[in-house]
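**Q** I have a structure here, written as structure tokens, and I will follow up with some questions on it.
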Amino acid sequence: MSTESGTFLDQFPAEAKVVRTAFYSSFVALFVGALMGILQVLHRTDVLRIVDSADYYSLLTLHAVLLVLSFSVFFLVGIFTWAVTTSLDRGLQDLRYTWAWYGLMALGTLLAGIAVLGAFIPGLDMSAAVLYTFYAPLQAHPFYYLGLALFIVGTWLAGLDWFRSWWAWKKDNPDERIPLPTFMALTTTLFWILSSAGVAVSVLAFLLPWSLGIIDQVNALLTRTLFWYFGHAVVYFWLMPAYLLWYTMLPKISGGKLFSDPLARVVFVLFLILSTPTGIHHQYLDPGIAEGFKFIAMVNTMFLLLPSLLTAFTVVASMEHGARQRGGSGLFGWLRALPWRDPVFTGMALAGLMFAAAGFSGMINAGMNINYLVHNTWWVVGHFHLTVGTAVALTFMAATYWFLPQLTGKAIWSKSLGLVQVLVWFVGMTFMSNSMHRQGLIGVPRRTAEPQYSGFDYEVAVGSMAELNMQVIIGGTLLFISTLLFLTVVVMTVIGDKVDGLPDNGYADTLSGPEDAPLVLDNLKLWAGIAALLVILAYSLPLAAIITRGGILGPGGSPSPQFVDTLLFVGRVAADTVGGVIA
Amino acid sequence: MRVSRAGLLVAIVIMVPIIVELRTVVVHLGFDVSLAETALFGAMMIGALVLWAMAPDIRGREPNGE
């Protein structure tokens, strides 16, 4: 940690500008995305339909892409840049390079946004209503794919930026353990590069050439599988900065120390090796993938519960330590001593609480048999509004109340309003996600502009459809209000005057530090190698089967180009030879 | 007060999902509860929580979460 006291702005003014810009970009995305969200709520429930139902899917695409990619990832790169800079106590290697990756991400977002919004401009032959899950057969304007590709390349370069900082630091500190925040950023970067390679192949090799008319068709199942290869790991990409904040900020704000640095490292290593070979659990209902592969994906997914449970234990233990340092006592009485008045603490704590609920609904999604009950229903939407929509988004908003003074040198305009904002979000999400889960259980579909059908009534287990819809409307409205409150506090803070006496930059100390962690945990090459191996084991056979059956460019027939046939032939000959020798 | 005002506010907010889910649970146990009855029961639960929070701590402890 820096020996120089002061805010992050005092210590690293140039890096603070980068982080600030990334945060502001994410807040713009949050506003537009939230606006699309409330419009969808009102449209689906038939309260207000200001666009044609055919255009609903453009709103849905914009809502999803802006919130789960732009809002979350712009915030993420800001957090990780802060984490690496602060914990290594050194600036980034080359700020021109840093601004270049930020520029790529911004340009990518702009291109993808233009492609989606083009649908609303009469006479413009542009549309990208392909949703966030942008696999074939839905096709978008090339700008959409190009924008997403630039955005992802930008994040890779950002990851390389953090690695460059670490490599430079390592030269000066060859015998030091990797500081925990940097360790978290680096492990996350590794699995992000590994997992997003799948969607990069899908976009660059298939979807973009297809959209440009260079190739006539694609193998839809292949693009789906490559998307989900990335599509589940990206969930952990959003979640890891939230975990970083729970591990490194929440204990400090609670008044204590992180319970265990080694456990935190184990958690991030587990996410590195387990995040990617799980994506096929999104494809349980895809007929083109054998059940055995799906079963393997289910087992891998269930293993992912372990790092989340370790996190729940470590973070709650750290909070309890903090509360007891503040004078709390008793079996549960220590809870009263926590700083509930502070929106940073309360927002993160409530986000963690909702994440626990999300874990339960996630287990339903992950179970191969029970998933069939909720697949493609509104249940799934309710689930991910608890994960990315609360565990991640609420943590980010709460963290903003700590980061904004660090980045601007200005005090938060109203912490009381901040507290109200995080509480309103929690209540709004309770109403909305509860109703989404319950509607999903009775078969109400997701991705549907008008889920009302003539001559058919859903069999609601408790209450009525009208009540469930009212719950969604109340919840969605509260969430939109909460977003506006958040942005109001941000804007009023930013336009305020600089003040003295702000807290120093820093993060939580540890009760059990890195000296207690086995050295092997810092061996990033080893864990990256194991992660790659697990991916090969989980995906090589399903991908080979999909290509063999459907053709690399589909549909059907022999895989093409010819080298795939050749590779498969050579593989068979080799296997037969080895089999013969063994026999 | 047994808890700080902010702590009480957070406790009330945390009761919201409990009240919402409780209705589902009791209906599955065979008790048909209307929306109005749920709201009334929720108000009673929150009222009881507020009364508990406002009462002085019998061991004389002060909330220190502010």
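**Q** Please give the length that would be gained between A:Asp516 and A:Phe120 if that part of the chain were fully extended, namely 0.36 nm times their separation in residues minus their C-alpha to C-alpha distance (nm, one decimal).
**A** Once the chain is fully extended between A:Asp516 and A:Phe120, it gains 136.8 nm.
**Q** Holding the Cα-Cα limit at 26 Å, pick out from A:Lys17/A:Lys525; A:Lys294/A:Lys525; A:Lys171/A:Lys410; A:Lys17/A:Lys252 the pairs that are longer than that.
**A** Working: A:Lys17/A:Lys525 32 Å; A:Lys294/A:Lys525 28 Å; A:Lys171/A:Lys410 36 Å; A:Lys17/A:Lys252 24 Å.
Checking Cα-Cα distances, A:Lys17/A:Lys525; A:Lys294/A:Lys525; A:Lys171/A:Lys410 exceed 26 Å.
**Q** For chains A and B, what's the summed buried accessible area, probe 1.4 Å, to the nearest 100 square angstrom? Please report the intermediate quantities before stating the final value.
**A** Working: alone 23210 and 5130 Å², together 26340 Å².
Result for this pair: about 2000 Å² buried.
**Q** Could you give P(r) for segment A:476-583, binned at 10 Å from zero, as whole percent values over all Cα-Cα pairs?
**A** Reading upward from the zero bin: 10, 15, 16, 13, 19, 15, 8, 2, 0.
**Q** Taking segment A:17-110 as the region of interest, what is the percent of Cα-Cα pairs per 5 angstrom bin, listed from the shortest bin to the one with the maximum distance?
**A** Final binned percentages: 3, 13, 20, 18, 13, 10, 8, 6, 4, 3, 1.
**Q** If you don't mind, another one. Give the residue from A:Gly551, A:Leu394, A:Leu502 lying farthest towards the positive end of the charge dipole for chain A; charges sit on Cβ (+1 for Lys and Arg, -1 for Asp and Glu) and the dipole is referred to the Cα centre.
**A** A:Leu502
**Q** To the nearest whole number, what is the average tally of beta carbon atoms from other chains within 10 Å of the beta carbons of peptide A:339-347? Don't skip to the end; give the middle numbers.
**A** Numbers: counts 6, 12, 8, 3, 1, 0, 3, 6, 0.
What the average comes to for A:339-347 is 4.
**Q** I would also like to ask the following. To test your reading of the geometry: what angle, between 0 and 90 degrees and rounded to tens, separates the Cα axis of helix B:35-54 from the longest principal axis of chain B?
**A** 10 degrees
**Q** Determine the calculated [θ] at 222 nm for chain B from helices alone, applying -39500 (n - 2.57) to every DSSP H run no shorter than 4 residues and normalising by the residue count; nearest 500 deg cm²/dmol.
**A** For chain B, the value works out to -23500 deg cm²/dmol.
**Q** Mind checking B:10-21 for the average number of partner chain beta-carbons within 10 Å of each residue's beta-carbon?
**A** The per-residue average across the peptide is 5.
**Q** State the Cα centre-to-centre distance between segment A:82-155 and segment A:352-400 in whole Å.
**A** First find each Cα centre; the distance between them is then 25 Å.
**Q** Could you state how much accessible area A:Arg438 has, in square angstrom rounded to the nearest 10, with a 1.4 Å probe and all protein chains kept in place?
**A** We get 40 Å² for A:Arg438.
**Q** Convex hull volume of the Cα atoms in segment A:108-160, per residue, in Å³?
**A** 68 Å³
**Q** What number do you get for segment A:402-490 when its Cα radius of gyration is normalised by 2.2 N^0.38 Å, N = residues?
**A** On the way: Rg = 17.9 Å, N = 89, 2.2 N^0.38 = 12.1 Å.
So segment A:402-490 has a normalised radius of gyration of 1.48.
**Q** Restricting the calculation to Cα positions, tell me the Rg (one decimal) and the Dmax (whole number) of segment B:5-53 in Å.
**A** 11.8, 37
**Q** Shifting gears a bit: Ignore the peptide's own chain and count Cβ atoms of other chains within 10 Å of each Cβ in A:422-432; give me the average, rounded.
**A** Across A:422-432, the average partner-chain Cβ count within 10 Å equals 3.
**Q** Under the 0.36 nm per residue contour assumption, what length would be gained going from the current alpha-carbon distance of A:Glu467 and A:Glu291 to full extension? Could you put the intermediate results ahead of the total?
**A** Numbers: separation 176, 0.36 × 176 = 63.36 nm, distance 3.86 nm.
Length difference between fully extended and current span is 59.5 nm.
**Q** Given H placed on each backbone N at 1.01 Å, which residues far from A:Ile552 in sequence or on other chains put an amide H within less than 5 Å of it?
**A** Distant-sequence amide H within range of A:Ile552: A:Ser560.
**Q** Quick check: pseudo-label points 7 Å beyond the Cα along Cα→Cβ at B:Phe31 and A:Tyr458, how many nm apart are they?
**A** Those two pseudo-labels are separated by 2.6 nm.
**Q** Still on this model: Residue separation times 0.36 nm, minus the C-alpha to C-alpha distance between A:Asn376 and A:Thr133: what's the value?
**A** Separation in residues times 0.36 nm, less the Cα-Cα distance, equals 86.3 nm.
**Q** Scan chain A and note any complete DSSP helix (H) whose C-alpha atoms cover at least 27 Å along its axis and whose Kyte-Doolittle average is 1.0 or more. Could you put the intermediate results ahead of the total?
**A** Numbers: long enough: A:13-44 (46 Å, 0.97); A:95-117 (32 Å, 1.27); A:142-172 (45 Å, 0.35); A:180-201 (32 Å, 1.53); A:305-325 (30 Å, 0.67); A:343-366 (33 Å, 1.38); A:415-441 (39 Å, 0.59); A:465-494 (43 Å, 1.85); A:524-550 (37 Å, 1.67); A:562-582 (30 Å, 1.18).
Those that pass (Cα extent of 27 Å or more, hydropathy at least 1.0) are A:95-117, A:180-201, A:343-366, A:465-494, A:524-550, A:562-582.
**Q** Going by alpha carbons, how many degrees (0 to 90, nearest 10) lie between the helix axis of B:5-28 and the longest principal axis of chain B?
**A** For B:5-28 against chain B, the angle is about 20 degrees.
**Q** Per residue, how large is the accessible surface of chain A? Use a 1.4 angstrom probe and give square angstrom.
**A** With the other protein chains kept in place, chain A gives 38 Å² per residue.
**Q** OK, next. On average, how much area does the Cα convex hull of chain A cover when viewed from any direction, in nm²? Spell out each step's value before the answer.
**A** On the way: hull surface 120.0 nm².
Projected over every direction and averaged, the Cα hull of chain A covers 30.0 nm².
The values are calculated or read from the model by the stated rules, or taken from the named source; none is laboratory data. Worth saying up front: this structure is predicted, and the values here are computed from it rather than measured. Here the Cβ is made from the backbone with ideal geometry for all residues, glycine too, and neighbour counts use every protein chain on show. For the accessible areas, the whole protein counts, side chains as well, though only heavy atoms, and no ligand, DNA or RNA atoms are used. Shrake-Rupley method; radii C 1.70, N 1.55, O 1.52, S 1.80 Å.
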